[in-house]
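Read the structure below first, then the notes.
What follows is calculated from the coordinates using simple rules that are stated; it is not laboratory data. What you are looking at is a predicted structure, and each value in this text was computed from that prediction instead of being measured. Positions of Cβ are backbone-derived with ideal geometry, glycine not excepted, and every protein chain shown enters the neighbour counts.
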Amino acid sequence: MDQLSVILQRFSMNTEVFFTGNLCGISNFNREPNQGHLHLLRSGALTIIDEKGTSQLIDEPTVLFFPTPHAHRIIGSEENPPELVCANILYDESSSNPIANALPSLLCFKLSDCQKLKQTALCLFEEAFQEQCGRIPMINLLTDMFLIHVLRHVLNNNIMHYGLLAGLAHPQLSKVLLAIHEAPEQQWGLETMTELALMSRSKFAELFKRVVGQSPGDYLIDWRIAVAKILLKQNKPVALVANAVGYENGSALARVFRKKLGMAPKEWLDKMI
């Protein structure tokens, strides 16, 4: 399996279109838990203002992607009103999304930067601005596709230089990350990881921390906890969850949970319900 598919299958990242048309005046978007925003400008001009007050004029077909909860405003041009498709990005409330957390607060791309982005956007605009049967599910599906093209664009062009997506774009580190993501239950010692990366122990450990931002061991623990949270939300027994993420028994998993989260798995689950 590839770098994105493993994560997207484990961690939901769904879109929900809530606006299509010409935007007049000022629109405010609040910081909502477990939710990002995606704005696709088809034509016209707008000014985007983030929660720090930084403003940017956009006057050509562009994608504006806020991966994580982030308050912002859009001011439409009176002389050249913007035609937009706007969608919420919805995440599973039980855990943070590793891809979203690895991205900056705002990604801004011209649609002309990537042919696939442009092609998918044109299909989306065609559906969004015509009243055809099945319009709503179609534009939501196309927006899901568009979001994956955005993530591919980030990986293929090495846009991120630090964090998970930078690691996934690295030819050697990505092999290790993909293997951990696919099989967190395996015993991932440093020696096994370095063999996959075809590097020495010291060089691998230094490169991993410099690019991903964590030691290989810390990243492995965080990934196992993230997967364990998903399985716990599915009402899997703690002992089974522990085995599925590489721990011998429920007690071992509980020790890791307490160290990282300050509570046992069942306590965490009770807070989520």
query = ³J(HN,Hα) across region 12-20 via Karplus (A = 6.51, B = -1.76, C = 1.60, θ = phi - 60°), whole Hz, x for Gly/Pro?
reply = 5, 8, 9, 10, 9, 5, 10, 8, 9
remark   = The distance between the Cα centres of region 206-271 and region 157-196, in whole Å, is 18 Å
ask   = With charges set only on the Cβ (+1 for Lys and Arg, -1 for Asp and Glu), what does the dipole of the chain come to about its Cα centre, in debye to the nearest 20?
value = 1020 debye
task = Compute the Rg to Rh ratio over the chain from the alpha carbon atoms, using the Kirkwood formula for Rh, and round to two decimal places.
result = 1.02
Residue-wise HN-Hα coupling along region 134-147, computed from phi with Karplus coefficients 6.51, -1.76, 1.60 (Hz; x: Gly, Pro) = x, 4, 5, x, 5, 5, 5, 5, 5, 5, 4, 4, 4, 4
ask   = Counting Lys and Arg as +1 and Asp and Glu as -1, each charge on the Cβ, what is the dipole of region 94-248 about the Cα centre in debye, to the nearest 20?
value = 200 debye
query = Can you work out ³J(HN,Hα) from phi for every residue in region 208-222, in order, using Karplus 6.51 cos²θ - 1.76 cosθ + 1.60 and θ = phi - 60°, giving whole Hz and x for Gly and Pro?
reply = 4, 5, 5, 8, 7, x, 9, 5, x, x, 5, 4, 4, 4, 4
note = Length gained if residue 162 through residue 252 is fully extended, taking 0.36 nm per residue and subtracting the Cα-Cα distance, is 29.3 nm
Region 3-156 - convex hull of alpha carbons, volume per residue in Å³ = 108 Å³
task = For an R0 of 25 angstrom, estimate the FRET efficiency from the Cβ-Cβ distance between residue 130 and residue 2 and round to the nearest 0.05.
result = 0.15
task = Scan region 187-273 for GluC sites (Glu not before Pro) in coil per DSSP, keeping those whose Cβ has at most 10 other Cβ atoms within 10 Å, and list them by number.
result = 248
message = Is there a quick way to get the dipole size of region 1-52? I mean about its Cα centre, with the Cβ of Lys and Arg at +1 and of Asp and Glu at -1; what is the value in debye to the nearest 20?
response = 40 debye
request  = Go through 52/209; 52/266; 209/233; 52/175; 203/236; 175/236 and tell me which ones have a Cα-Cα distance over 32 Å in this structure.
outcome  = 52/266; 52/175; 203/236
remark   = Ranked on Cβ counts within 10 Å of their own Cβ, fewest leading, 247, 162 go 162, 247
